[in-house]
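Only one structure is covered here, and it is reproduced in the block below.
The values are calculated or read from the model by the stated rules, or taken from the named source; none is laboratory data. Since this is a predicted model, take the numbers as computed values, not measurements. Here the Cβ positions follow ideal geometry from the backbone for every residue, glycine too, while neighbour counts run over all protein chains shown.
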Amino acid sequence: MAFKTRHGILFLKNGDGRFEPLLADLRNQGYVVDVIASAGEAAGMLATRRYRALIADLSRRDLDGRALLQAASAEAPDTPFICIAGLDQEDEARKLVEAGALAYFIPPFEAGEVISALDRAPRQPPAADAMPGFRGIIGASAAIQSVSELITKVADASSTVLISGESGSGKELVARAIHDLSHRIANPFVVVHCGAIPDSLLETELFGHERGAFTGAYTQKQGLIQSARGGTVFLDEIGEVTAATQVKLLRVLESGVVRPVGAVRDIQVDVRVIAATNRDLKDLVRRGNFREDLYYRLNVFPIRVPALRERKEDVQLLARHFLGRINREREGSPIAIDAEAMKLLCEYSWPGNIRELENVIERAAILCSGGRISEDDLPREIQTSAPRPADRGIYDLPFKTARNMFERNYVEQVLDRCDGNVARAARTAGMSRAYFYEIINKCSLHHKDTKTQRKTQRREE
């Protein structure tokens with residue numbers, strides 16, 4: 001399955017039905033049209049999705065066309081803007097075209113004229129920040145595209161999937177995407193956070209129990225695996241499962257049956273198992289903390305979700321996505337992020353991954369003033385994490401250039417610590433004096449080695 005293409009239209013219009021024929025014609029031409037009712041909603045939608053064009057009805061008296069154009073250009077500078085104006089708004093519409101809008105139309109006009117304008121607009125490459133059915137997986141990086149390809153390939157298979165990745169990297173989103181793209185989509189997707197359930201309760205939560213199976217079991221309980229019948233059960237933090245529960249899980253994977261605690265008969269279940277871990281299961285197997293046979297049963301189709309620091313080109317897309325969601329939920333003018341704040345976000349290493357980024361954006365949106373997030377609204381660790389210029393570029397230099405820079409700095413420091421005494425500096429550096437002089441001359445360094453110092457050096461030697 002390919003990434004979503006830029007074939008959608010965002011249409012901001014009045015609540016009346018004047019443009020229903022235009023909407024119908026656009027849809028007949030294959031365009032997906034999202035109809036919205038406010039400029040704030042338009043900014044939020046543009047921040048989270050890519051569109052072929054934004055069409056706005058300027059006859060709305062509450063709509064400032066220039067402000068909308070500016071907001072649209074800030075959120076999606078490559079999205080064409082088309083305005084529909086009344087006869088008394090033609091001057092305003094013409095000025096918007098001069099300011100960057102693609103075209104304007106005054107009723108009555110034919111839908112074909114709008115479609116021709118769309119066809120003339122520059123085509124952008126397919127957007128990779130949103131994927132059909134992928135429920136929130138956002139990214140244009142090669143790393144996340146690779147993950148999406150694996151998802152689409154395994155979705156309709158019956159194979160067990162093992163998703164690995166750091167905490168907060170989006171493993172549950174990947175599991176949901178697999179379920180949503182499979183033939184099981186109409187059936188339950190059951191999430192089990194294995195690390196959050198006490199060991200004493202995990203077995204009965206997963207497999208259920210019969211009435212009277214243990215003290216306090218006053219009624220029969222259906223297990224979570226059985227409740228996912230026909231669908232998918234997602235076992236998060238599978239590395240936390242105890243040895244006894246591992247044995248029962250292995251039986252589910254091998255035979256497709258569960259036996260509730262206290263039961264004497266097995267129950268056949270049709271479920272797909274997807275597991276996730278932020279731990280190294282191979283290492284747990286080596287240490288005897290995880291069954292090797294269960295590991296191989298789970299690891300039929302492995303998917304590794306990259307950490308956010310491995311896909312930094314996605315930070316801006318994700319930040320705008322989270323901010324767009326906040327803008328849709330709040331009242332008033334939409335919040336934006338200034339360039340310096342965005343630069344800091346893109347340079348930060350994100351040890352908490354996507355979850356940390358989401359929390360930072362939410363906090364900054366609360367703290368900011370004037371409807372704009374600045375670097376002062378970001379946590380201190382992000383403000384101070386930007387690399388120094390010297391650190392930022394040295395690894396981009398050729399090896400010989402970097403080595404020469406090091407040699408020069410090193411010799412200067414050693415000479416300074418030895419008060420310019422070359423013989424002493426050479427001994428400190430563990431070099432012969434001749435080789436030390438060679439580096440000094442190569443680097444064109446000035447030193448305090450006068451004739452008197454040379455005599456002193458000869459006496460010292």
Checking A307, A319, A339 in turn, the sole residue that is closer than 20 Å to A143 by Cβ, small (G, A, S) and either out of contact with any strand residue (DSSP E or B) (no Cβ under 7 Å at 6 or more places or on another chain) or surrounded by fewer than 18 Cβ atoms within 10 Å (Cβ to Cβ) (or both) turns out to be A307
Quick count over region 191-238, residues being under 20 Å from S159 (Cβ atoms) and either crowded, with 19+ Cβ neighbours inside 10 Å or of a type outside the set (V, I, T) (or both), is 12
Does V233 satisfy the condition of being assigned to a strand (DSSP E or B), in contact (Cβ under 8 Å) with a residue 24 or more places away in the chain and closer than 15 Å to I274 by Cα? yes
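Looking for whichever is touching a residue at least 60 places away in the same chain (Cβ under 8 Å), over 30 Å from Y348 (Cα atoms), hydrophobic (A, V, I, L, M, F, W, C) and not assigned by TED's automatic domain parsing to the domain that holds S73 here; the options are L298, L318, L323, L294. Which one fits?
Working: L318 fails: over 30 Å from Y348 (Cα atoms); L323 fails: over 30 Å from Y348 (Cα atoms); L294 fails: touching a residue at least 60 places away in the same chain (Cβ under 8 Å).
Of the residues listed, the single one that is touching a residue at least 60 places away in the same chain (Cβ under 8 Å), over 30 Å from Y348 (Cα atoms), hydrophobic (A, V, I, L, M, F, W, C) and not assigned by TED's automatic domain parsing to the domain that holds S73 is L298.
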Only one of (1) polar (S, T, N, Q); (2) at pLDDT 80 or above; (3) outside any helix (DSSP H, G or I); (4) surrounded by fewer than 17 Cβ atoms within 10 Å (Cβ to Cβ) does not apply to S116, and that is (3)
Note: among A24, A37, just one is at pLDDT below 80, of a type in the set (A, V, I, L, M) and loosely packed, with under 14 Cβ neighbours inside 10 Å, namely A37
In region 361-406, residues that are at pLDDT 70 or above and of a type in the set (K, R) total 4
With the first residue restricted to region 390-412 and required to be outside the structural domain of M431 (by TED's automatic domain parsing), and the second required to be surrounded by 11 or more Cβ atoms within 10 Å (Cβ to Cβ) and modelled with pLDDT of 70 or more, Cβ contacts under 6 Å at 6 or more apart or on different chains are I394/A402
